[in-house]
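Take a look at the structure below.
What follows is calculated from the coordinates using simple rules that are stated; it is not laboratory data. Please read all numbers here as calculations on a predicted model, not as lab measurements. Every residue, glycine among them, receives a Cβ derived from its backbone with ideal geometry; neighbour counts consider all protein chains shown.
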Amino acid sequence: MEKIYIDYGQRINGAILGVIKDILKDLSESKISSNHCFYISFKTKDKNVKISRNLLKEYPKEMTIVLQNQYWDLNVKKDFFSVTLSFNKKKEALEVPFRSITKFYDPFVKFSIQLELKNEKQKEDNKKKKNKKIKNQEEKIVTLDDFRKKNE
């Protein structure tokens, strides 16, 4: 039977993303003071991020958006949020999966969180573990010749 280990990092990230989701939901329903300003950074290369080609060209890896006074159509779903923002006086629609969020900051209350992107870190860790396991297996190989008497 394979032992299952508790992945605290994954559980904490899930809880934090739940907090962010609740905050954005409250914001979309106008339950939050207008004094708040939210900075949200996310990985633009996530396969479910939907932004224009121009924005992707300008922000090829990561992008930070600001939700304060000028945003429209904020909609919060189970796995993502969508919003329309103005970039260089042009409105752009964005769709951001919660799992792509790397940072969340509310300067009004000086609250900030940085998230660990599990998929990227997990791929690196799995590769290291696999290489280490192969190396350990190679080191443990014992041949019968090691125990045979040698004819001198």
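Write out the trypsin sites (Lys or Arg not before Pro) in segment 11-99 meeting two conditions: DSSP loop, and at most 14 other Cβ atoms within 10 Å of their Cβ.
On the way: sites: Arg11, Lys21, Lys25, Lys31, Lys43, Lys45, Lys47, Lys50, Arg53, Lys57, Lys61, Lys77, Lys78, Lys89, Lys90, Lys91, Arg99; in loops: Lys31, Lys45, Lys47, Lys61, Lys77, Lys78, Lys89.
Sparse-neighbourhood loop trypsin sites (Lys or Arg not before Pro): Lys31, Lys45, Lys47, Lys61, Lys77, Lys78, Lys89.
State the extension gain, in nm to one decimal, for the chain segment bounded by Glu92 and Cys37, taking 0.36 nm per residue of separation less the distance between their alpha-carbons.
Length gained between Glu92 and Cys37: 17.9 nm.
In nanometres, what is the gap between the two model label sites at Asn75 and Lys25, each 7 Å from Cα along Cα-to-Cβ?
A separation of 1.7 nm, rounded to one decimal place.
Note down the net charge around Asn48, summing +1 for each Lys or Arg and -1 for each Asp or Glu among other residues with Cβ under 14 Å from its Cβ.
+4
Bin all alpha-carbon pair distances of segment 8-114 at 10 Å intervals from 0 and give each bin's fraction as a whole percent.
Final binned percentages: 14, 50, 32, 4, 0.
Would you mind ranking Met63, Met1 by Cβ crowding within 10 Å, fewest neighbours first?
Lowest to highest Cβ neighbour count: Met1, Met63.
Given Lys47/Lys89; Lys31/Lys77; Lys47/Lys90; Lys50/Lys91, which pairs have Cα atoms separated by over 22 Å? It would help to have the intermediate numbers written out before the result.
Numbers: Lys47/Lys89 27 Å; Lys31/Lys77 17 Å; Lys47/Lys90 24 Å; Lys50/Lys91 14 Å.
Beyond 22 Å between Cα atoms: Lys47/Lys89; Lys47/Lys90.
Evaluate the distance, in nm, between pseudo-label points positioned 7 Å from the Cα of Glu116 and of Ile6 along their respective Cα→Cβ axes.
1.5
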